[in-house]
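Input: a single structure, listed below in structure tokens.
Computed from the coordinates by the stated procedures, all read-outs in this text should not be read as laboratory data. All values reported here derive from a predicted model rather than from experimental measurement. Cβ sites come from the backbone with ideal geometry, for glycine too, and all protein chains shown count toward neighbours.
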Amino acid sequence: MMRGYNWFNDGFCSFGFGSNFSVWYYLILIGLVIAVIGIISMRRRKHESDGSLDALKRMFVNGDLSEEEYLKRKSVIERK
């Protein structure tokens, strides 16, 4: 009599290192890690550009930059 396969495959969960552990689980795990790293780097980059904009605003308020120069530099920072 043939035994059918169930979700747990004779006591080993399919998400563990059982007999039917698939490459797809590794690919999904690697994809999740890459997504998390991407999100973290995007947040870090946005935070750095916010600091640059704050410094630029202070220079403009102090009178170190003209309005034209301020707008020019601001557009460059926002593009990055």
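The charge dipole of segment 23-79, taken about its Cα centre with unit charges on the Cβ of Lys, Arg, Asp and Glu (plus for the first two, minus for the last two), comes to roughly 220 debye. With unit charges on the beta carbons (Lys and Arg positive, Asp and Glu negative) and the dipole taken about the Cα centre of segment 23-79, which residue among Leu32, Ser66, Leu53 sits farthest to the positive side? Ranked along the dipole, the leading option is Leu32.
Can you sort Met59, Met42 so the residue with the fewest Cβ neighbours within 10 Å comes first? List each step's numbers first, then the result.
Numbers: Met59 14, Met42 10.
By the 10 Å Cβ count, ascending, the order reads Met42, Met59.
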